[in-house]
1. Hey, among the residues in the range 74-96 that are in a helix (DSSP H, G or I) and of a type in the set (A, V, I, L, M), which one's farthest from residue 36 (Cα to Cα)?
2. Restricting to the range 1-51, what's the tally of residues that are of a type in the set (A, V, I, L, M, F, W, C) and within 18 Å of residue 88 (Cα to Cα)?
3. With free of Cβ contacts under 8 Å to residues at least 60 places away in the same chain, out of contact with any strand residue (DSSP E or B) (no Cβ under 6 Å at 6 or more places or on another chain) and crowded, with 16+ Cβ neighbours inside 10 Å as the only criterion, which of 92, 29, 64 stands out?
4. Among 128, 121, which is part of a loop (DSSP other than H, G, I, E, B), hydrophobic (A, V, I, L, M, F, W, C) and at pLDDT below 90?
5. Quick check, is residue 46 of a type in the set (A, V, I, L, M, F, W, C) and in contact with a Pro (Cβ under 7 Å, 6 or more places away or on another chain)?
6. Which one of these does residue 44 not meet: (1) modelled with pLDDT of 90 or more; (2) surrounded by fewer than 19 Cβ atoms within 10 Å (Cβ to Cβ); (3) not acidic (Asp, Glu)?
7. Within the range 55-74, identify whether any single residue is under 12 Å from residue 100 (Cα atoms) and under 13 Å from the mean Cα position of the chain (by Cα), and answer yes or no.
8. Considering the range 44-53 alone, what residues qualify as being without any contact (Cβ under 8 Å) to a residue 40 or more places away in the chain and under 10 Å from the mean Cα position of the chain (by Cα)?
Amino acid sequence: MSDIASDEIHEFLEFSRCFSFSGADVQLLVSPVVYVLMRGEEAMYVGMSVQGAHRPFDPLHHVLRKKIQVTDKLLIWPVKDGACAREMELELIWRLNPAWNSRETRRQPRLVALKREDSGVRVDAMLVIDNAEHDLVSS
């Protein structure tokens with residue numbers, strides 16, 4: 001039996017600074033993602049990963065580990081698949097022109113629209129490229 005009383009453990013679990021994820025959140029965070037590091041209102045870096053949110057949180061990330069500050073924000077969008085992630089990443093790099101992305105990743109935009117459709121409980125987003133719709137989140 002532990003030296004810590006059961007009520008102390010419950011208090012720790014309830015009031016400690018932790019992140020809480022539902023099973024659905026975990027499923028989305030291990031799916032392909034696109035992420036943007038924001039510094040204030042400016043996008044500093046856009047990236048993608050087919051292995052989920054592991055990439056932007058990797059302590060060996062080639063950009064983020066050296067440059068992220070405590071006031072920065074990391075935005076993460078789960079997407080349907082790797083192809084959609086790559087298209088969205090390229091589109092955001094083109095449109096946001098983040099300072100830390102290489103110039104080799106820039107190309108003409110193909111994005112027609114970014115639609116948001118209210119489906120009751122959560123808002124699903126859809127990327128429309130060349131008139132073909134790509135779900136941004138797994139159904």
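1. Filtering first and then ranking leaves 83.
2. Of the residues in that region, 13 qualify.
3. None of the others qualify; the one that does is 64.
4. From the options 128, 121, the qualifying one is 121.
5. Considered against the rule, which asks whether it is of a type in the set (A, V, I, L, M, F, W, C) and in contact with a Pro (Cβ under 7 Å, 6 or more places away or on another chain), residue 46 comes out as yes.
6. So residue 44 meets the others, but not (2).
7. no
8. 49, 52, 53 - these are the residues of the range 44-53 that are without any contact (Cβ under 8 Å) to a residue 40 or more places away in the chain and under 10 Å from the mean Cα position of the chain (by Cα).
The values are calculated or read from the model by the stated rules, or taken from the named source; none is laboratory data. Please read these numbers as outputs of a predicted model, since none were measured by experiment. Counting neighbours? That spans all protein chains shown, and the Cβs are built from the backbone with ideal geometry, glycine included.
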